[in-house]
Amino acid sequence: MRPALTPETEHRTHYFFDVHDRRQLERAIQIFESEDRVVLEEIQRNMGDKEFWDMASLILSNDRGGVLARRLLQRKIRHEQSGGGQPPAQPSNGSSNA
């Protein structure tokens, strides 16, 4: 079971996992309740209302996609807040459509 997490709000996250039968579902719930929930709640307590970039986070190689997405969103937010409106869309694969 590989869970997928996606934020709903600043303090609430959806936790998805894929199972194929009731036994796997029971095991997934057990793992979540005994391990994952505890860790996620502790992370939330430690982070509080701090911004991601303001913390000394350990960034692993498999975090690349999330880090790139955060950087892109941060650039777009700054651009919009500076009065520039929406920045032009950027190709997701780094190539130009021109």
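Bear in mind these aren't lab numbers, they're just calculated from the coordinates by the rules spelled out. Just so it is clear, the structure is predicted and the values come from calculations on it, not from any experiment. Ideal geometry is used to build each Cβ from the backbone, glycine not excepted, and the neighbour counts take in all protein chains shown.
See the values below:
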quantity: Degrees between helix 22-31 axis and first principal axis of the chain (Cα, 0 to 90, nearest 10); calculated: 70
quantity: Acute angle (nearest 10 degrees) that the helix 37-47 long axis makes with the longest principal axis of the chain, alpha-carbon atoms; calculated: 40
quantity: Folded to 0 to 90 degrees: helix 64-79 orientation relative to the chain principal axis, Cα; calculated: 40
quantity: Computed [θ] at 222 nm, helices only, for the chain once each DSSP H run of length n ≥ 4 contributes -39500 (n - 2.57); calculated: -12000 deg cm²/dmol
quantity: Least to most buried among GLU80, GLU10 (fewest other Cβ within 10 Å first); calculated: GLU10, GLU80
quantity: Label-zone membership for region 5-48, site LEU72, 7 angstrom Cα→C-beta point, backbone N under 18 Å; calculated: 5-7
quantity: Percent RCO, i.e. relative contact order, over the chain, from Cα pairs under 8 Å lying at least 6 residues apart; calculated: 12
quantity: Paramagnetic reach from MET55 (point 7 Å along Cα→Cβ, amide N under 13 Å) across region 1-22; calculated: 11-12
